[in-house]
1. Can you name every residue in the range 13-49 that is within 18 Å of residue 68 (Cβ to Cβ), touching a strand residue (DSSP E or B) at 6+ places or on another chain (Cβ under 9 Å) and assigned to a loop (DSSP other than H, G, I, E, B)?
2. Of the numbered conditions (1) over 16 Å from the mean Cα position of the chain (by Cα); (2) assigned by TED's automatic domain parsing to the domain that holds residue 126; (3) assigned to a helix (DSSP H, G or I), residue 8 satisfies every one except a single condition; which is it?
3. Looking at (1) out of contact with any strand residue (DSSP E or B) (no Cβ under 9 Å at 6 or more places or on another chain); (2) without any contact (Cβ under 8 Å) to a residue 12 or more places away in the chain; (3) more than 29 Å from residue 93 (Cβ to Cβ); (4) surrounded by 12 or more Cβ atoms within 10 Å (Cβ to Cβ), find the lone condition where residue 67 falls short.
4. Among the listed residues 28, 47, 57, which satisfies the condition of being under 21 Å from the mean Cα position of the chain (by Cα), outside the structural domain of residue 127 (by TED's automatic domain parsing) and surrounded by 15 or more Cβ atoms within 10 Å (Cβ to Cβ)?
5. Collect the residues in the range 50-76 that are modelled with pLDDT of 90 or more and in a loop (DSSP other than H, G, I, E, B), keeping them in residue-number order.
């Protein structure tokens, strides 16, 4: 089997070598050997890095991702946690959609003043209730 050195992994993954060293330090990936001072990785590390990137994009912590990758290198994906994260993303999408629609309405509102627009007042009222409910 031909191994990839850390520079090749960095180039193919788009990650800096320092990030790869950090991922190795926290147990997300592991090098298989060294060629001189350069770490060598199996080609499978590229798939692991894609899974790590996907997990980070979904909002999982590196610790959570490490638990999902498992020490054996075989992913152990907790379906319930993935469903919870997907539901949270659905809520974010809904909130962002409402925010986008509000901004578009405000930008295009034909009322002489936004304060005269009943839709604007209703949207602001709804946004204020959501903001109080989240503790933000």
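The values are calculated or read from the model by the stated rules, or taken from the named source; none is laboratory data. Just so it is clear, the structure is predicted and the values come from calculations on it, not from any experiment. Glycine also receives a Cβ, built like all others from the backbone with ideal geometry; neighbour counts cover every protein chain displayed.
1. Scanning the range 13-49 gives 29, 30.
2. Failed condition: (2).
3. If we test residue 67 against (1) out of contact with any strand residue (DSSP E or B) (no Cβ under 9 Å at 6 or more places or on another chain); (2) without any contact (Cβ under 8 Å) to a residue 12 or more places away in the chain; (3) more than 29 Å from residue 93 (Cβ to Cβ); (4) surrounded by 12 or more Cβ atoms within 10 Å (Cβ to Cβ), just (3) comes out false.
4. Values: 47 fails: surrounded by 15 or more Cβ atoms within 10 Å (Cβ to Cβ); 57 fails: surrounded by 15 or more Cβ atoms within 10 Å (Cβ to Cβ).
28 is the lone residue from the list that is under 21 Å from the mean Cα position of the chain (by Cα), outside the structural domain of residue 127 (by TED's automatic domain parsing) and surrounded by 15 or more Cβ atoms within 10 Å (Cβ to Cβ).
5. Within the range 50-76, 58, 59, 60, 61 qualify.
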